[in-house]
1. Looking at 146, 121, 111, 128, can you tell me which residue is in contact with a strand residue (DSSP E or B) (Cβ under 8 Å, 6 or more places away or on another chain), part of a strand (DSSP E or B) and closer than 26 Å to residue 97 by Cα?
2. In the range 38-75, how many are assigned to a loop (DSSP other than H, G, I, E, B), touching a helix residue (DSSP H, G or I) at 6+ places or on another chain (Cβ under 9 Å) and under 19 Å from residue 112 (Cβ atoms)?
3. Among the residues of the range 83-142, what is the count of those that are in contact (Cβ under 8 Å) with a residue 60 or more places away in the chain, over 17 Å from residue 43 (Cβ atoms) and in contact with a helix residue (DSSP H, G or I) (Cβ under 8 Å, 6 or more places away or on another chain)?
4. Would a scan of the range 7-29 turn up a residue that is modelled with pLDDT of 95 or more and assigned to a helix (DSSP H, G or I)?
5. Which condition breaks for residue 125 when tested against (1) more than 30 Å from residue 60 (Cα to Cα); (2) surrounded by 11 or more Cβ atoms within 10 Å (Cβ to Cβ)?
6. Which numbered condition trips up residue 78, out of (1) outside any helix (DSSP H, G or I); (2) touching a helix residue (DSSP H, G or I) at 6+ places or on another chain (Cβ under 6 Å)?
7. Could you please give the count of residues in the range 73-105 that are more than 19 Å from residue 126 (Cβ to Cβ) and modelled with pLDDT under 95?
């Protein structure tokens, strides 16, 4: 069994488009440009754009072999925060919100300059619920951290993992 694994492993890496991180990046794609996420939502969160941008850069740094460049990467990702809202999700018998949901929506544009058939524009959203007895300000940082993780995973999978 071990012999089979050692025989198959070089073939998987030789084809160049499979990796154990789940990415399917062609071997001639060497660089990525991740542009700053613009903030276009009505309700303001002053750190969210930066948090999303840096988290996406970290994800690419950790899970790909791509060099990050400021301009003209083989891959280019541009994004914007399009929504940031809180809504009641559970209402008590007294018609009072028992739970609230913070939802963040982003729209991304992904350009693969070497393989344009992989280009895409897509919107993503993620949310976290919290007890309405807590103020948004008291839980916002923790909620946003979890939401950013979900969004980054979805964006990464849609662009280079192609799931």
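The values are calculated or read from the model by the stated rules, or taken from the named source; none is laboratory data. Model, not experiment: these values are computed from the prediction. We place every Cβ from the backbone using ideal geometry, glycine too, and count neighbours over all the protein chains shown.
1. 128
2. 2
3. Qualifying residue count for the region: 1.
4. The answer is no; no qualifying residue exists.
5. The number of the failed condition is (1).
6. Only one criterion is unmet by residue 78, namely (2).
7. 8
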